[in-house]
1. Kindly flag which residue pairs out of 3/215; 4/29; 112/215; 4/215; 3/112; 14/161 have an alpha-carbon separation exceeding 23 Å in this structure.
2. Is the shape of the stretch 9-81 rounded, prolate or oblate, going by the alpha carbon gyration tensor and its root eigenvalues a ≥ b ≥ c, with a/c under 1.5 for rounded and a/b larger than b/c for prolate?
3. If N is the number of residues in the chain, what value comes out of its Cα radius of gyration divided by 2.2 N^0.38 Å?
4. Among the aspartates and glutamates, which fall within straight-line cross-link reach of residue 70, defined as a Cα-Cα distance under 16 Å, with same-chain neighbours fewer than 8 residues apart omitted?
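Bear in mind that the values in this text are calculations on the coordinates, not laboratory data. Treat the numbers as computed from the prediction; the structure is a model and nothing was measured.
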Amino acid sequence: MRKKIIAGNWKMNKTVGEAVELARELAAKDFDSGRVQVVICPPFTDLTAVQETLQGSRIELGAQDLYWEKSGAFTGQISADMLVSAGCAYVIIGHSERRQYFSETDETVNLKLVAALQAGLNPIVCVGEMLDERQNDETESVVERQIRGAFAGLTAEQAQKAVIAYEPVWAIGTGQVATPDQAQEVHGFIRALIREIYGDAVADSMRIQYGGSMKANNASELLRQPDVDGGLIGGASLDAESFWAIVKAE
Ligand code: 13P
């Protein structure tokens, strides 16, 4: 019922030339767009060149962050309208690396989510607990706080356009992937929370991606979980073959 969404978060990797090369390899691949949606999220500097390279492909473009103001004296920032004009359909918001290293808070995630929706972008909202929070049995309370904060003041109509990415911080870039049961447990919790806030229609249609050391060899099992609707892939998205093996995973 929910179409899977596999997204590559390239993080701070790939010069323009390298990005075009990877995008060209991906654009040459075939996939069933009725079954799975494919999105790649290169750095800002690569967006225009990658967008041109993806012409004629069904792969969609996303960015890794945005700023909530529309324009003006905000040196270094990129607005939602700029992303739209560069060809982006998606934007990642609230990635744990931005929360950890760049002072992202639930409040700024909310401002960015509103700005993205107003501009017609599809937001991918990232949530997830740190290792010590999991060890202290705080996973659900952390994820609930992040989701309530991100979606504060949003209507059901707005919320239904969002994708949520559950990315346990301890699994990101560590090779220590969540087990399918661990992922399903939190994904099920997230869907129940969305159901409580927004009702059945939004909860049943919202895609919840898993992220954190997802690779070709663990993707199938994760994607088979009833509430895992896709993946947000870091390291394995930097190589066409390893990313495509996940796109093709059933
Ligand atoms: P890895 O796949 O490298 O663990 O990164 C996951 C991630 O942070 C995607 O946003």
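1. Result: 112/215; 3/112; 14/161 exceed 23 Å.
2. Working: a/c = 2.61, a/b = 1.74, b/c = 1.50.
Cα axes put the stretch 9-81 in the prolate bin.
3. Working: Rg = 16.8 Å, N = 250, 2.2 N^0.38 = 17.9 Å.
The value comes to 0.94.
4. Within the straight-line cut-off, residue 70 pairs with 81.
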